[in-house]
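Worksheet: the structure to be examined is printed underneath.
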Amino acid sequence: MREIVHLQTGQCGNQIGSKFWEVISEEHGINGEGAYVGTNSYQLDRASVYYNESSSGKYVPRAVLVDLEPGTMEVIKESAYGKLYRPDNFIHGQSGAGNNWAKGHYTEGAELVDSVMDVIRKEAENCDCLQGFQVTHSLGGGTGAGMGTLLISKIREEYPERMMCTFSVVPSPKVSDTVVEPYNATLSIHQLVENSDETFCIDNEALYDICFNTLKLSNPGYSDLNRLVSVVMSGITTTLRFPGQLNADLRKLAVNMIPFPRLHFFMVGFAPLTAQGSTAYRAVSVSDLTQQMFSPKNMMAACDPTKGRYLTVAAMFRGKMSMKDVDEQMLSIQRKNFANFVEWIPHNVKTSVCDISPTGLDMSSTFIGNSTAFRSCSSESVTSSVLCSERRLSFTGTQEKVWMKWSLLRLSQI
């Protein structure tokens with residue numbers, strides 16, 4: 001089977017990653033102890049893509065959990081699914097990175113990286129046919145951004161032929177915890193351009209907008225945001241975990257989505273998104289899913305797709321539905337919005353249907369778009385970095401001024 005090794009780094013990456021394992025474990029009928037409690041045989045058909053089966057019949061996530069401080073690890077161990085993970089795969093330091101990218105990439109993170117690579121090698125060696133790696137991390141912190149990108153570059157160096165897929169939480173100027181987030185993101189994006197094959201971009205600002213405006217939550221917390229991200233991750237990986245007609249592995253997804261190697265930053269969306277308590281009052285159709293999926297309100301990146309053009313699009317539908325209906329609705333969307341799709345890539349919209357519906361829904365759809373509108377997301381981080389730098393320039397020497405301006409200009413042109 002085509003296995004994937006999952007790696008989660010930093011507080012944000014570990015919170016999102018652990019929520020992802022909860023969601024897909026529920027879909028595969030695996031409880032918090034790793035025992036199979038499902039009722040349908042299809043749940044285990046391709047479970048080996050993400051799980052190892054122990055000699056006792058326990059299903060163990062092929063996951064490596066990394067942080068530079070022990071707090072996040074302890075929370076995961078004490079959670080309902082804490083006993084699901086292999087204890088040897090928890091790796092943490094003691095000091096933390098303090099939101100400093102350089103600490104994660106060059107000092108504290110560099111000291112821990114050999115231990116992490118040893119665990120990754122063990123997981124890779126236990127695979128029959130390793131297809132690639134999947135990383136969850138934040139671009140705004142010190143560990144997720146600094147050490148996360150260091151691990152990505154080390155894995156790329158050691159496994160150059162394997163696919164590298166990242167789920168990256170991009171910081172937003174409007175929803176910011178620390179002043180150095182733009183610096184961390186700017187330094188990380190350069191690493192992702194060079195060393196990642198597929199990067200699914202998730203924006204905290206867009207997640208908050210969805211919680212407030214669509215889900216009607218008055219005071220959303222990180223658990224609500226993590227739930228949204230995990231649902232999207234579950235949708236994106238559906239065709240990897242269950243039988244499907246298209247994008248059955250990471251390489252096929254890349255072939256369908258990436259016209260040029262460096263253009264691998266994707267916007268993601270999910271439908272249906274409805275306010276709590278209102279699900280019972282409406283029936284969802286394929287037409288509704290398609291309309292919602294292309295709506296800017298359902299995008300989990302804070303950029304308007306109508307301000308750019310789609311290079312490629314992939315839509316993953318789940319549930320009992322007709323392939324004919326799906327094709328008709330997707331064709332209708334393309335005809336109505338033909339100006340939003342580039343004309344020089346033929347057949348640039350791909351769809352797949354999986355009969356297995358997600359937990360709690362009759363049907364759903366997940367959207368992946370490779371759009372030129374992503375430029376506005378990345379440019380916001382670079383602009384914030386420039387503004388922070390300009391505030392600092394009056395306190396620095398002439399040579400540092402020249403170097404900082406040159407480096408920021410170079411990153412803005414990536």
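The values are calculated or read from the model by the stated rules, or taken from the named source; none is laboratory data. Owing to the predicted nature of the structure, the values given are computational and were not obtained by experimental measurement. Ideal geometry is used to build each Cβ from the backbone, glycine not excepted, and the neighbour counts take in all protein chains shown.
Rundown of residues vs (1) over 26 Å from S172 (Cα atoms); (2) in contact with a Pro (Cβ under 9 Å, 6 or more places away or on another chain), yes/no style:
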position: G319; (1), (2): yes, yes
position: Q334; (1), (2): yes, no
position: H347; (1), (2): yes, no
position: C354; (1), (2): yes, yes
position: S371; (1), (2): no, yes
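Looking only at region 300-325, filter to residues that are touching a residue at least 12 places away in the same chain (Cβ under 8 Å) and part of a helix (DSSP H, G or I); which one of those is farthest from K350 (Cα to Cα)? Reasoning before the result, please.
In the first step, residues of region 300-325 are kept if they are touching a residue at least 12 places away in the same chain (Cβ under 8 Å); the result is 300-323, 325.
Imposing the further condition that a residue be part of a helix (DSSP H, G or I) reduces the set to 305-307, 323, 325.
Values: P305: 18, T306: 19, K307: 22, M323: 12, D325: 14 Å.
Only one residue tops the list, namely K307.
Does at least one position in region 35-45 carry a residue that is in the same structural domain as R156 (by TED's automatic domain parsing) and either of a type in the set (K, R) or crowded, with 22+ Cβ neighbours inside 10 Å (or both)?
No: zero hits.
Every residue, every condition in (1) closer than 21 Å to G360 by Cβ; (2) touching a helix residue (DSSP H, G or I) at 6+ places or on another chain (Cβ under 8 Å), yes or no:
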site	(1), (2)
K19	yes, yes
E22	yes, yes
E26	yes, no
Q43	yes, yes
S55	no, no
R62	no, yes
E74	no, no
D88	no, yes
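For region 312-347, give me the residue count where each residue is within 20 Å of I258 (Cα to Cα) and under 22 Å from the mean Cα position of the chain (by Cα).
Summing the residues that are within 20 Å of I258 (Cα to Cα) and under 22 Å from the mean Cα position of the chain (by Cα) in region 312-347 gives 5.
So in region 120-140, with the set limited to residues that are touching an Asp or Glu at 6+ places or on another chain (Cβ under 8 Å) and small (G, A, S), which one is surrounded by the fewest Cβ atoms within 10 Å (Cβ to Cβ)?
G132
Does any residue of region 282-292 turn out to be surrounded by 13 or more Cβ atoms within 10 Å (Cβ to Cβ) and either among the basic types (K, R) or at positive phi (or both)?
no
Restricting attention to region 332-386, and to residues there that are in a helix (DSSP H, G or I) and charged (D, E, K, R), which single residue is modelled with the lowest pLDDT?
The qualifying residue modelled with the lowest pLDDT is E380.
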